[in-house]
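The values are calculated or read from the model by the stated rules, or taken from the named source; none is laboratory data. Please read all numbers here as calculations on a predicted model, not as lab measurements. Every residue, glycine among them, receives a Cβ derived from its backbone with ideal geometry; neighbour counts consider all protein chains shown. Just so you know, the surface numbers come from the protein's heavy atoms only, side chains and all, with ligands and any DNA or RNA stripped out. Shrake-Rupley method; radii C 1.70, N 1.55, O 1.52, S 1.80 Å.
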Amino acid sequence: MCSVKEAYKQCEDVIKHHSKTFYKAFSLLPKDERNAVWAVYSFCRRVDDIVDEGRNPEAELVLFKAEFDQFLKGEYDAENPSWLALDDAFGRYEMDARAFHDLIKGQEMDLTINRYETLDDLLDYSYHVASTVGLMLLPILAPGKTDVLKDGGISLGLAMQLTNILRDISEDLDRDRIYLPQELMRKHGVTECMLRAGVVDDSFISLWEELAAHAESLYGEAFKTMQEYPLSSRIPVKGAAYLYREILPTIRSKKHKVFGQKHYVDDETKKEIVVGLSSL
């Protein structure tokens, strides 16, 4: 059986491998908060991997939900570092179990839905798979401020998920998933065949930019209440938001060529953003 310290280290390794942007931002947190964030991320990653990589994701997700229900009752496999670390985090902070359940529901949606008709439909999905993460983290990042920061946290999650969607169009197509709302595709004259052919023309760019404008507006909403975070977590949260928002102009600078490649914010820009956080 590993120690709690070792369990947190294994959770840290998961986020370090899978999300360099979040890892860079949240590494700025004090130790206890940082560890708790790693534990939450590990939980989210496990659910995501079941859906994207599981051999029998429906059955595996049912099993995982049952494991989480048992975890909430204090019963879990102490040999599993993810549960061990999360249990320590739940003991330190007033965690919102509903947000964890809502995240699992969002991943269930990915098993049965691969197209979204309207922007509202997409935002509902985005709440479940992304805004829930912000709600999970709020008790860690801003104890006693969850009510004030809830709406901003939801907006930030929506903005980040829309950013993911705009970056990962090609990758999602490989899984037969199209998150671009069907009504917007029709509005701009973009067809599924055009997406599969990797066509980047004025129609595609206008579609991409309309969804990007929604994302940028949501980032703006999220920034309105960020001063309510304690300073120790305000900088990492703003850092994550700035780093993620920068993905959009990065894609623009590559002339919206999102097919067959995945764009990242370059290290120099990341460094400039992180250095700039010291003045916040």
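Looking only at residues in region 213-234 that are of a type outside the set (S, T, Y) and buried (at least 20 other Cβ atoms within 10 Å of the Cβ), the one that is farthest from K150 (Cα to Cα) is A215.
Taking the conditions (1) out of contact with any Cys (no Cβ under 7 Å at 6 or more places or on another chain); (2) touching a residue at least 12 places away in the same chain (Cβ under 8 Å); (3) of a type in the set (V, I, T) in turn, V133 satisfies each one other than (1).
Selection within region 88-130: residues that are hydroxyl-bearing (S, T, Y) and in contact (Cβ under 8 Å) with a residue 24 or more places away in the chain. The member of this set that is farthest from D69 (Cα to Cα) is T118.
Of all residue pairs spaced 6 or more apart or on separate chains, those with beta-carbon atoms under 6 Å, a first member in region 208-235 that is under 12 Å from G153 (Cα atoms) and a second member that is not in a helix (DSSP H, G or I) are E228/K145; Y229/A142. For D52, the conditions (1) at pLDDT 95 or above; (2) open to solvent by 30 Å² or more (accessible area, probe 1.4 Å); (3) assigned to a helix (DSSP H, G or I) are fulfilled apart from (1).
Quick check on region 1-15: of everything there that is charged (D, E, K, R) and loosely packed, with under 15 Cβ neighbours inside 10 Å, which residue is nearest to Y244 (Cα to Cα)? Among residues in region 1-15 that are charged (D, E, K, R) and loosely packed, with under 15 Cβ neighbours inside 10 Å, the one nearest to Y244 (Cα to Cα) is D13. Among the helices (runs of 4 or more DSSP H) confined to region 112-174, the ones with at least 1 residues that are among the basic types (K, R) are located at 146-167.
Pull up region 87-124, narrow it to residues that are among the aromatic types (F, W, Y) and closer than 20 Å to L156 by Cβ, then point me to the one that is surrounded by the most Cβ atoms within 10 Å (Cβ to Cβ). Walk me through it before giving the result.
Narrowing region 87-124 to residues among the aromatic types (F, W, Y): 90, 93, 100, 116.
Now drop any that are not closer than 20 Å to L156 by Cβ, which leaves 93, 100.
Values: Y93: 19, F100: 24.
Among them, the one singled out is F100.
Scanning region 178-194 for residues that are in a helix (DSSP H, G or I), closer than 23 Å to S126 by Cβ and either in contact with a Phe, Trp or Tyr (Cβ under 8 Å, 6 or more places away or on another chain) or of a type outside the set (A, V, I, L, M, F, W, C) (or both) gives Q182, E183, R186, K187, H188, E192.
Condition (residue is more than 20 Å from S131 (Cα to Cα) and either assigned to a helix (DSSP H, G or I) or open to solvent by 70 Å² or more (accessible area, probe 1.4 Å) (or both)) applied to region 38-46: is it met by at least one residue? Talk me through it step by step, then tell me what you get.
Here is the first cut: in region 38-46, the residues more than 20 Å from S131 (Cα to Cα) are none.
Looking through region 38-46, none of the residues is more than 20 Å from S131 (Cα to Cα) and either assigned to a helix (DSSP H, G or I) or open to solvent by 70 Å² or more (accessible area, probe 1.4 Å) (or both).
From the list A212, A240, which residue is assigned to a helix (DSSP H, G or I), small (G, A, S), closer than 26 Å to P143 by Cα and out of contact with any Ser or Thr (no Cβ under 6 Å at 6 or more places or on another chain)? Walk me through how you get there before you give the answer.
On the way: A212 fails: closer than 26 Å to P143 by Cα.
Every option except A240 fails the conditions.
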